[in-house]
């Protein structure tokens, strides 16, 4: 099976590559605008075929999608117009080339259509994929746990600040879970095809996050809620806990998503001398 990964040098795409490389029946190719980059060379050293292409240039996509069985793609963060164009070009290229299965990474609860252009753009791509003559699967990750982990220094000093109002639970996603989900999806299109899946390990309040940091680091951590910064943050931190169902995803797709604590332990928190 031949799988093309778009964004393979990024957080989500890199995780997808990691998991696909553990599948002996899968040959992995990566699409990148800069095949000469160190990140692209590192992929090549691991046995990934590196292909030059740009999602904003439909011509550059034609040869790269020819002959592949499945494509994982996402639009690079940017304006809604750019994301809409990138996603549309990818779906069009895959459909024209007769690709069997496209797995698209969108955003959690994108179907809420909050009037935030780059979120609405992802949902527009979802709808285009659903209407295309290709089997489609949509994965919707929520706030990445890496966003919280970037505050490690401040957290270890005793305070966790986040733009989340007290009592509101925010769904959290380990990026590695995206890779595991996508690897399962592309190798089992009959089970995953046609589904849209909200992917998160759990939803926590800011107090719950601080309590998790306390448990892992074995020190008191104060939760310091801040006001959301702008429309996207306002919408994002409204919660959306009701749309996730980690147990249901595990039962239906055999993909168990990690909690925040499991993510922190995976990346080595709690092992640094205090």
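FYI, it's all coordinate maths here, none of it is from the lab. In this text, all values refer to a predicted model and were calculated from it rather than measured experimentally. Neighbour counts are summed over all protein chains in view; Cβ atoms, including those assigned to glycine, are modelled from backbone coordinates with ideal geometry.
Key figures for this structure:
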| quantity | calculated |
| --- | --- |
| Computed Rg/Rh of the chain, alpha carbon atoms with Kirkwood Rh | 0.98 |
| Spin-label model distance (nm) - residue 77 vs residue 45, 7 Å beyond Cα toward Cβ | 2.7 nm |
| Distance from segment 123-148 to segment 1-40 (C-alpha centre basis), Å | 18 Å |
| The chain: most fluctuating residue of 108, 67, 87 per GNM, C-alpha cutoff 10 Å | 67 |
| Förster radius 51 Å - calculated FRET efficiency between residue 196 and residue 218 (Cβ-Cβ, nearest 0.05) | 0.80 |
| Fully extended contour minus Cα-Cα distance, from residue 59 to residue 256, at 0.36 nm per residue | 67.1 nm |
| The chain: most fluctuating residue of 86, 12, 128 per GNM, C-alpha cutoff 10 Å | 128 |
| Relative packing of peptides 171-178, 238-245, 20-27 - highest average C-beta neighbours within 10 Å first | 171-178, 238-245, 20-27 |
| Inter-label distance, nm, simple model (7 Å from Cα along the C-beta direction), residue 232/residue 133 | 3.6 nm |
| On Cα atoms only, tilt of 175-187 relative to the major axis of the chain in degrees | 30 degrees |
| Cα-based helix-to-principal-axis angle, 117-131 vs the chain, degrees rounded to 10 | 40 degrees |
| Diffusion constant of segment 219-274 at 25 °C, which comes from Stokes-Einstein with the Kirkwood Cα-pair radius and 0.890 mPa s, µm²/s | 167 µm²/s |
| For segment 56-121, the Rg and Dmax computed from alpha carbons only, in angstrom | 12.5, 37 |
| Calculated log₁₀ intensity ratio I(q)/I(0) where the Debye formula runs over C-alpha points of segment 5-134, q = 0.15, 0.16 Å⁻¹ | -0.68, -0.77 |
| Shape box of segment 98-190 [Cα atoms, principal axes, largest first, Å] | 54, 31, 19 |
| Whether segment 11-74 is rounded, prolate or oblate, judged on the alpha carbon gyration tensor where a/c under 1.5 counts as rounded | oblate |
| Principal axis dimensions, segment 153-242 - Cα atoms, whole angstrom, descending | 47, 32, 20 |
| Alpha carbon Rg of segment 131-183, scaled by the compact-globule rule 2.2 N^0.38 Å | 1.60 |
| Rough spin-label spacing in nm, given labels placed 7 Å along Cα→Cβ, for residue 92 and residue 151 | 4.2 nm |
| For the chain, calculated [θ]222 nm from helices alone, where every DSSP H run of n ≥ 4 adds -39500 (n - 2.57) | -12500 deg cm²/dmol |
| Helix axis angle, 206-217 relative to the chain longest principal axis, alpha carbon, degrees | 90 degrees |
